[in-house]
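Shown next, in structure tokens, is the structure this report addresses.
The values are calculated or read from the model by the stated rules, or taken from the named source; none is laboratory data. In this text the structure is predicted, and so the values were computed from the model without any measurement. All Cβ positions, even for glycine, are placed from backbone atoms using ideal geometry, and neighbour counts span all protein chains on display.
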Amino acid sequence: MRLFPEQPPPGPTRPGFWRSPLRGRWLTSFLGTVLFPVVLLVGLTGFLSHAAYNPGLGDNAIVPAGGDILVFDWPTSPSWLYAATQGFHVIAGIVAMPLLLAKLWSVVPRLFGWPPIRNPAHAIERLSLVGLVGGGLFVFMTGIFNAQLFYPWPFNFVVAHYYGAWVFTASLVLHVGVKLPTMRRAYRERGALAPLRDSLAETTAEPFEPDGLSSPDPAAPTISRRGLLGLVGAATTTLLITSVGQSIGGPLRRLAIFSPRGTGAIGDGPNAFPVNKTAATAKVTETVVAGWALELLGPRPRTITRDELLAMDLATHELPIACVEGWSTTQRWTGVRLRDLAALAGAPEASEVQVESLQKKGGFRQATLSADQIADERSLLALMVNDADLSMDHGFPARIIVPALPGVHNTKWVASLEFRS
Amino acid sequence: MIGRLRGAYGEGPLHLVGHLAFFAITAYVVVQLADAPSALTILLWIVGAALIHDLVLVPVYAAADRALRGALPRLRTPIVNHVRFVGVVSGTLLIVWFPVMFGKADGNIERNAGLTPDDYLIRWLAVTAGLAVLSTLAYAARALRAGRVGRVEERDDAVGPAADEDAPRA
């Protein structure tokens, strides 16, 4: 019994509908070979950045229990570790887009292949491709939207992006496994790089095969394969130039012209560097911070005024703040070492500290830091930045600065520190 | 045994095991998300992303390319790829950064970053104009160097902008 008529209906289900002379096993294999390491970098740094939140501590976990597979003590050195992993994650994710779109263009006739289902193996392979194509587009799109503070969906970004990455990664591993023989065949038949040498005049279509990517009736080429890859490369390069500055700073920062915080800072002076969340949005006003004193909790609880903190032994360190959106900025912070505060609270060997903000509502108003993070000489309850008092937007009266810690865990407007042993 | 599986299933056992492992992971994700209030929405977005790409985005840019090839004059030095260069680079910038360009996140940028959103749309137009200038200069240099300036007279130029990729057969 036949499920589908032998002859495809007119339209894209007929092989002759697709006429590009460039499509074929080699082009798709080559695009896949270039795209794979970029996706690997994005995936690896993504899962690492998730681990950087130390989801095993306190209320740090964002995804429901059982979802964090990579849990280890996130190190404090080098101090730019998170700036690097997250910078690579976001920038590589952005610049991968032209490659991803080209790769999908190269295989689009397969979506309409006839018959739609040949046998059980074909059916489940096609179903898994929903995870590959849909999952891939989903994780890239949600990540890129998050970097622009654009949330057109009702779900939690982190949860959806993280689990979307699971599905995408699993389907990608499967896809590479299934397609490896096809890639090897393409490179064996046409050479790994040989088609790149063909000029437009030398460009020929791959011979047609049923259920393949090449056309039975190819049009005359209007661009060579290397020309097509050149277009993709030009798009990638332009995206790189216009976004990398938000992560690495320096003169390139001025070129990050589409990143919301790429080029911008509020005002000028010592506090003129990008803000993740303003005091006004966090509803931390002058009234809220008036008469502030740090609530230090532990075996010897006490409160300490800002003047008392300023009279303690202060340390100054150049440390980056790096945001999940990929931007980072390195500033000179001055404050009291967390380990001195731990000793003051009667917990010199504290295994963790729970930090609470004056911010009453909203995400990341608290964070739990690890023993290593408390013990690091550079971990500060910062009171000043670039020799000036912190501005309200940067966390006045006091904020956490810990090397290599994700930006949002450097809690601003600190209300209390609870050291636990 | 393996032969019978291949006959009934269509592929070897490794294919089946690999796909079962993938669906097991996907099932675990679905279970993890089951408590999330919008698990179904996430699924819809994943499927929707694939559908919008394959059934809207690809046909739109394929049609744009076809229209471009039809509209361009037949020149002795084909210009089509110089136009494609501008279209591809500018188009990818648009696909990636359209939320800020069209002010989709203006409120969030003001509230969170404390910044007045910049004129991202103007910047994109400026970049596009710059690319167009670059591409035109490159074309002029190429055509002059090859000494092939002006329109094609004969009709039998095999490599020309009239070639019709991805167009339905008449």
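Exactly one condition in (1) out of contact with any Phe, Trp or Tyr (no Cβ under 7 Å at 6 or more places or on another chain); (2) in contact (Cβ under 8 Å) with a residue 60 or more places away in the chain; (3) assigned to a helix (DSSP H, G or I); (4) surrounded by 19 or more Cβ atoms within 10 Å (Cβ to Cβ) is false for A:Tyr187; which is it?
Exception for A:Tyr187: condition (4).
Of everything in segment A:200-227 that's without any contact (Cβ under 8 Å) to a residue 40 or more places away in the chain and more than 10 Å from every other protein chain (Cβ to nearest Cβ), which residue is farthest from A:Gly16 (Cα to Cα)?
Looking at residues that are without any contact (Cβ under 8 Å) to a residue 40 or more places away in the chain and more than 10 Å from every other protein chain (Cβ to nearest Cβ), I get A:Arg226.
Any residue in segment A:79-89 that is touching a strand residue (DSSP E or B) at 6+ places or on another chain (Cβ under 6 Å), more than 10 Å from chain B (Cβ to nearest Cβ) and surrounded by fewer than 19 Cβ atoms within 10 Å (Cβ to Cβ)?
Checked segment A:79-89: at least one residue is touching a strand residue (DSSP E or B) at 6+ places or on another chain (Cβ under 6 Å), more than 10 Å from chain B (Cβ to nearest Cβ) and surrounded by fewer than 19 Cβ atoms within 10 Å (Cβ to Cβ).
If you go through segment A:228-271 one residue at a time, how many are at pLDDT 90 or above, hydrophobic (A, V, I, L, M, F, W, C) and more than 22 Å from B:Gly103 (Cβ to Cβ)?
9
Please report, ordered by residue number, the helices (runs of 4 or more DSSP H) entirely within segment B:16-117 with at least 3 residues that are touching a helix residue (DSSP H, G or I) at 6+ places or on another chain (Cβ under 8 Å) and buried (at least 19 other Cβ atoms within 10 Å of the Cβ).
So the answer is B:39-52, B:80-101.
Cβ-Cβ below 7 Å, separation at least six or inter-chain, first residue in segment A:294-321 and buried (at least 16 other Cβ atoms within 10 Å of the Cβ), second polar (S, T, N, Q) and at pLDDT below 95: which pairs?
From segment A:294-321, the pairs are A:Leu319/A:Thr330; A:Pro320/A:Ser328; A:Pro320/A:Thr329; A:Pro320/A:Thr330; A:Ile321/A:Ser328; A:Ile321/A:Thr329.
Which numbered condition in (1) among the small types (Gly, Ala, Ser); (2) within 27 Å of B:Ala24 (Cα to Cα); (3) in contact with a helix residue (DSSP H, G or I) (Cβ under 8 Å, 6 or more places away or on another chain) is the only one that A:Ala83 fails?
The number of the failed condition is (2).
Does segment A:111-127 include one or more residues that are out of contact with any strand residue (DSSP E or B) (no Cβ under 9 Å at 6 or more places or on another chain), at pLDDT 95 or above and aromatic (Phe, Trp, Tyr)?
Within segment A:111-127, none of the residues are out of contact with any strand residue (DSSP E or B) (no Cβ under 9 Å at 6 or more places or on another chain), at pLDDT 95 or above and aromatic (Phe, Trp, Tyr).
Can you report the number of residues in segment A:52-89 which are touching a Phe, Trp or Tyr at 6+ places or on another chain (Cβ under 6 Å) and of a type in the set (A, V, I, L, M, F, W, C)?
3
Taking the condition of being crowded, with 21+ Cβ neighbours inside 10 Å, touching a strand residue (DSSP E or B) at 6+ places or on another chain (Cβ under 8 Å) and not in a loop (DSSP other than H, G, I, E, B), how many residues in segment A:385-406 meet it?
Total meeting the criteria: 6.
Anything in segment A:102-147 that is within 22 Å of A:Ser215 (Cα to Cα), free of Cβ contacts under 8 Å to residues at least 12 places away in the same chain and more than 7 Å from chain B (Cβ to nearest Cβ)? List them, or say none.
Listed by number, the list holds a single entry, A:Arg126.
When you scan segment A:259-378 for helices (runs of 4 or more DSSP H) that lie fully inside it, which ones turn up with 1 or more residues that are within 26 Å of the chain's Cα centre (by Cα)?
The qualifying helices (runs of 4 or more DSSP H) are A:371-375.
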